[in-house]
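Colleague: Starting off with a structure, shown below.
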Amino acid sequence: MAHIPDGVLSAPVLIGGALASAALVTLATRRLDYARIPQAAVLAAAFFVASLLTVPVGPSSVHLLLNGLMGVLLGWAAVPAVLVALLLQAVFFGYGGLLVLGVNAFNIAAPALLCSLLIAPRLHAAQGRALFAWGALAGATGVLLTGALLCLSLLLSGPEYRPASTVVLFTYLPLMLAEAAVTGAALRFIQRVAPKLLTTGRV
């Protein structure tokens, strides 16, 4: 579960998450390349759909995040793309919630930016298996960091969430493998059909 529902987190965590997300959105808006808006819309739609398809894993459930892929392809544009997709999911399907929107958006968008910073510059020169490997690393890193931030959000809200956070973190392990395969394969496909997109995701 990457969508923390309303009524779980403490007020300080909710406020901190809202402020952190507001700061990210402000920076992203100022640095946004408006030529990337169509790409951002497509990936936001993919994230929106992928997040609705959940797979039970133990007592929890997981779904593809695609934040590593969004980060390396969109850069700063990944932040508003994630925010808009999460807002629509909360409004139309009740995933997460409006009060916790800031925390959920930060937990998914911040890892996307880190993937953009560390991995996107290496994609333009990568070929074949190397490109797949970098894509797999981006996918796995996005999931790992989102899981860590989600657990941190729970732990900061109270020690009673420690058992739940441990369980949730372990459910992210199989998701890391799936996300790595999907992201690596997606980048290999993009290299064949639109290689220019691999050079536009740097922050």
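Colleague: Identify all residues within the range 121-133 that are of a type outside the set (Lys, Arg) and closer than 13 Å to Gln191 by Cα; write none if there are none.
Modeller: Within the range 121-133, Leu123, His124, Ala125, Ala126, Gln127, Gly128, Ala130, Leu131, Phe132 qualify.
Colleague: Looking for whichever is exposed (fewer than 13 other Cβ atoms within 10 Å of the Cβ) and either within 17 Å of Tyr172 (Cβ to Cβ) or basic (Lys, Arg) (or both) here; the options are Leu65, Leu53, Leu98. Which one fits?
Modeller: Matching residue, one of Leu65, Leu53, Leu98: Leu53.
Colleague: Here are Ala112, Ala181: which of them is crowded, with 22+ Cβ neighbours inside 10 Å and touching a Gly at 6+ places or on another chain (Cβ under 8 Å)?
Modeller: Values: Ala181 fails: crowded, with 22+ Cβ neighbours inside 10 Å.
Going through Ala112, Ala181 in turn, just one is crowded, with 22+ Cβ neighbours inside 10 Å and touching a Gly at 6+ places or on another chain (Cβ under 8 Å): Ala112.
Colleague: Any residue that is touching a Phe, Trp or Tyr at 6+ places or on another chain (Cβ under 8 Å) and of a type outside the set (S, T, N, Q) - is there at least one of those in the range 90-112?
Modeller: no
Colleague: Within the range 141-154, is even one residue more than 20 Å from Ala105 (Cβ to Cβ) and out of contact with any His (no Cβ under 8 Å at 6 or more places or on another chain)?
Modeller: Checked the range 141-154: no residue is more than 20 Å from Ala105 (Cβ to Cβ) and out of contact with any His (no Cβ under 8 Å at 6 or more places or on another chain).
Colleague: Out of all the residues in the range 160-184, which are of a type in the set (Gly, Ala, Ser), touching a residue at least 40 places away in the same chain (Cβ under 8 Å) and over 13 Å from Ala140 (Cα atoms)?
Modeller: none
Colleague: Residue check, Tyr172 against (1) hydroxyl-bearing (Ser, Thr, Tyr); (2) out of contact with any strand residue (DSSP E or B) (no Cβ under 8 Å at 6 or more places or on another chain); (3) farther than 16 Å from Leu69 by Cα, all met but one. Which one?
Modeller: Checking Tyr172 against (1) hydroxyl-bearing (Ser, Thr, Tyr); (2) out of contact with any strand residue (DSSP E or B) (no Cβ under 8 Å at 6 or more places or on another chain); (3) farther than 16 Å from Leu69 by Cα, the one that fails is (2).
Colleague: Using the structure shown, decide if Cys151 is buried (at least 20 other Cβ atoms within 10 Å of the Cβ) and closer than 14 Å to Leu66 by Cα.
Modeller: Criteria not met by Cys151.
Colleague: Specify the residue that is surrounded by the fewest Cβ atoms within 10 Å (Cβ to Cβ); the eligible residues are those in the range 129-146 that are in contact (Cβ under 8 Å) with a residue 60 or more places away in the chain and small (Gly, Ala, Ser).
Modeller: Looking at the filtered set, the residue picked out is Ala140.
Colleague: Considering only the range 155-171, state which residues are aromatic (Phe, Trp, Tyr) and modelled with pLDDT of 85 or more.
Modeller: Passing the criteria: only Tyr161.
Colleague: Against the definition (at pLDDT below 90, among the hydrophobic types (A, V, I, L, M, F, W, C), closer than 21 Å to Ser51 by Cα and part of a helix (DSSP H, G or I)), how does Leu137 come out, yes or no?
Modeller: Spelling it out, it is not the case that Leu137 is at pLDDT below 90, among the hydrophobic types (A, V, I, L, M, F, W, C), closer than 21 Å to Ser51 by Cα and part of a helix (DSSP H, G or I).
The values are calculated or read from the model by the stated rules, or taken from the named source; none is laboratory data. Keep in mind that this is a model prediction, so the values were computed, not measured. Cβ sites come from the backbone with ideal geometry, for glycine too, and all protein chains shown count toward neighbours.
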